[in-house]
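Before any comments, here is the structure.
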Amino acid sequence: MIDVDRSRTLETLLESDLFGVAGDPRFDELARMSLDMFGIDFAAVAMVGPESLWFQSRHGTVATSTERANSFCEAAIQSDDMLVIEDVTKDPRFATHPAVIGGPGIRFFAGQPFHSPDGDRSGVYCIFATEPRQLDSDKRKSLAGVGQWIEGEFLATDELDRAAEMQRALLPKNAAPITGYQIAGTCVPAKAVGGDFFDWYPIEGGLGFTLGDVMGKGASAGILAATVRAVVRSAARKKNVTVAVERTATCLATDFGESSSFVTLFHARLRANDGRVSFVDAGHGLTAVIRVDGTTQRLWTSDFPLGVMPDEHWSRHTVMLDPGDMLVTFSDGVLDLYDGSLAAVDEVAALARASTSPQALVDTIERLARSAAATDDVTILVLRRDQE
Amino acid sequence: MEFTVKEMDGGVAVVRLSGMLNMVAASLLRVVVGSTVAEGHPKIAMDLSEIDFIDSSGLGALIGGLKTTRQAGGDLRIAAPNDQVRLVLQLTNMERVLTAYEDAETAFSNG
């Protein structure tokens, strides 16, 4: 027996999250090109829900969804093979179909089912015409090819989704690893995966934390970001904060020298009992302490990013966090949420002062990044020492 | 991105770039620098006055060009970057090695 509520929920999910009204640009273009390619009047990529079909991308049609039962697409799904009906008025299944006897007056239909990466029937690529049509063997090959292309696109998306999931899993999750401090962070990649990362973990007497930005975007930057995170962490037991950075630089020079990539990094160790933060800034430049007294102190050094110059060294600096003070470090994607200049530091500081907690500030930046559809990865990490 | 290469006396080449210096342009720039150096011009002056925007990949290409030219006994110098390019160089401290000159044609006039 079908659990009606559950299937309704699934339908809603399908409609809102996966196949939203906006459509997918890849498939929108496909639908548009199909009109000429096949000499037809309407084309659509239909996704299968439990009871309905969603026309995710369509050209020449207005409907966004239809009942599965008795539909052209359903016939193609059930056949699980290409279905071509050259003159629907001669097909007893469809001769009296509302879309045949009424508007838009369908006379020709062809559908090519396609499958999800798991092999499930996930949808049908459909073409319609208002006059009967012949579909010769070349066009049939093209139709089958379109089905394969769609499956390839879904596979690529699926693999990227898994990579994104893996990258999210590498971000710290426990919110309060030490008493007396609150920490929060977020990373909003511009693509499925990105080159930004942040990290924090307990160290003896305090907390280690890092924010890094690998050159470029996408999967290659993501692989390098995961490597940098791991190498920095490997020095968690080394008391001198520069060890992690120099170890990472060596790794980049030996393993990634050929890729001529570079990384900007802010890496720090907090001593919890007195709020002393020792840090290295490797060409990152976007860290500030927002003081409870109303002042903002930008932390900058003259050190290079990692992977730029051979035999480079990084210097150790310190700053004190007094009760109520907040340290904010972020990637340059945050600048683009404002006017792209350093004025963004003051904007973030103002937001920080208006925020009740590090998490509240992080949530605000994340909302801005998502609503701006940022073209660069947006990452922020916020540490605040509690008021006594 | 579009570019032109003008060969000058003393092994200096002036490379003029325009448009966005991003991931796509970065690959092209690496090729341009590599071939310019290979043709006997290890001193490259990059005219950035027509560059609207640089991202980290674009900066990576400039850094790569700096390494390539220095390994060949030359140098890479930049001229006339806009505010956005200057900010990227400033934040990363790369202005320490990629000093901005006013004019590409005279960037090497002091040697």
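For this structure, a couple of remarks:
- Residue among A:Ala282, A:Ala235, A:Ala244, A:Ala230 that is within 14 Å of chain B (Cβ to nearest Cβ) and either touching a residue at least 60 places away in the same chain (Cβ under 8 Å) or among the hydrophobic types (A, V, I, L, M, F, W, C) (or both): A:Ala282
- Number of positions in segment B:22-46 that are touching a Gly at 6+ places or on another chain (Cβ under 8 Å) and closer than 18 Å to B:Thr68 by Cα: 12
- Top-ranked residue in segment A:190-203 [being away from chain B (no Cβ under 14 Å) and out of contact with any helix residue (DSSP H, G or I) (no Cβ under 6 Å at 6 or more places or on another chain); ranked as farthest from A:Thr379 (Cα to Cα)]: A:Ile203
- Subset of segment B:63-83 (residues that are farther than 17 Å from B:Val12 by Cβ and in contact with a Leu (Cβ under 7 Å, 6 or more places away or on another chain)): B:Pro81
- In segment B:22-50, the residues that are within 25 Å of A:Gly216 (Cα to Cα) and either out of contact with any strand residue (DSSP E or B) (no Cβ under 9 Å at 6 or more places or on another chain) or touching a residue at least 60 places away in the same chain (Cβ under 8 Å) (or both): B:Met23, B:Val24, B:Ala26, B:Ser27, B:Arg30, B:Val31, B:Gly34, B:Ala45
- Checklist (1) within 16 Å of the chain's Cα centre (by Cα); (2) more than 25 Å from A:Pro305 (Cα to Cα) applied to A:Pro177, failing item: (1)
- Within this structure, B:Val24 fails the test of being crowded, with 24+ Cβ neighbours inside 10 Å and either more than 14 Å from every other protein chain (Cβ to nearest Cβ) or at negative phi (or both).
- Selection status of A:Val263, closer than 30 Å to B:Val31 by Cβ, surrounded by 19 or more Cβ atoms within 10 Å (Cβ to Cβ) and within 12 Å of chain B (Cβ to nearest Cβ): yes
- If only residues of segment A:52-79 that are exposed (fewer than 15 other Cβ atoms within 10 Å of the Cβ) and either under 22 Å from A:Glu151 (Cα atoms) or hydrophobic (A, V, I, L, M, F, W, C) (or both) are counted, the one that is modelled with the lowest pLDDT is A:Val62.
- Candidate set from segment B:64-80 (those that are out of contact with any helix residue (DSSP H, G or I) (no Cβ under 7 Å at 6 or more places or on another chain) and within 14 Å of chain A (Cβ to nearest Cβ)); member that is surrounded by the fewest Cβ atoms within 10 Å (Cβ to Cβ): B:Gln71
- Any chance A:Lys217 is basic (Lys, Arg) and buried (at least 20 other Cβ atoms within 10 Å of the Cβ): yes
- Flag for A:Gly294 being modelled with pLDDT under 95, more than 14 Å from chain B (Cβ to nearest Cβ) and either in a strand (DSSP E or B) or surrounded by fewer than 16 Cβ atoms within 10 Å (Cβ to Cβ) (or both): yes
- Every condition in (1) surrounded by 18 or more Cβ atoms within 10 Å (Cβ to Cβ); (2) closer than 18 Å to A:Ser341 by Cα holds for B:Phe108 except the one numbered (2).
- Odd one out for A:Ile380 among (1) among the β-branched types (Val, Ile, Thr); (2) buried (at least 24 other Cβ atoms within 10 Å of the Cβ); (3) over 30 Å from A:Asp255 (Cβ atoms): (3)
- A Cβ distance below 6 Å, combined with a sequence gap of six or more or placement on separate chains, defines the contacts here; from segment A:251-277, residues that are among the aliphatic types (A, V, I, L, M) reach residues that are surrounded by fewer than 18 Cβ atoms within 10 Å (Cβ to Cβ) and modelled with pLDDT of 95 or more in the pairs A:Val277/A:Val319.
- One residue from B:Asp75, B:Asp47, B:Asp103, B:Asp52 being more than 11 Å from the chain's Cα centre (by Cα) and closer than 28 Å to A:Asp213 by Cα: B:Asp52
- Within segment A:121-164, considering residues that are of a type in the set (Phe, Trp, Tyr) and part of a helix (DSSP H, G or I), the one farthest from A:Ala110 (Cα to Cα): A:Phe154
- Options A:Lys173, A:Lys139, A:Lys90; residue that is surrounded by fewer than 15 Cβ atoms within 10 Å (Cβ to Cβ) and at pLDDT 90 or above: A:Lys90
- Picking from residues in segment B:81-96 that are in contact (Cβ under 8 Å) with a residue 24 or more places away in the chain and crowded, with 18+ Cβ neighbours inside 10 Å, the one that is nearest to the other protein chains (Cβ to nearest Cβ) is B:Thr92.
- Filtered residues of segment B:1-15 (kept if assigned to a strand (DSSP E or B) and either within 22 Å of A:Lys217 (Cα to Cα) or free of Cβ contacts under 8 Å to residues at least 24 places away in the same chain (or both)): B:Glu2, B:Thr4, B:Lys6
- Complete set of residues in segment A:302-349 that are more than 11 Å from chain B (Cβ to nearest Cβ), in a helix (DSSP H, G or I) and not hydrophobic (A, V, I, L, M, F, W, C): A:Asp346, A:Glu347
- A:Ala360 meets all of the listed conditions (1) in a strand (DSSP E or B); (2) more than 25 Å from A:Lys217 (Cβ to Cβ) but one, namely (1).
- Among the conditions (1) modelled with pLDDT under 95; (2) of a type outside the set (Ser, Thr, Tyr); (3) in contact with a strand residue (DSSP E or B) (Cβ under 8 Å, 6 or more places away or on another chain), the only one that A:Met309 does not satisfy is (3).
The values are calculated or read from the model by the stated rules, or taken from the named source; none is laboratory data. This is a predicted model, so every value here is computed, not measured. Cβ: placed from backbone, ideal geometry, glycine included. Neighbour counts: every protein chain shown.
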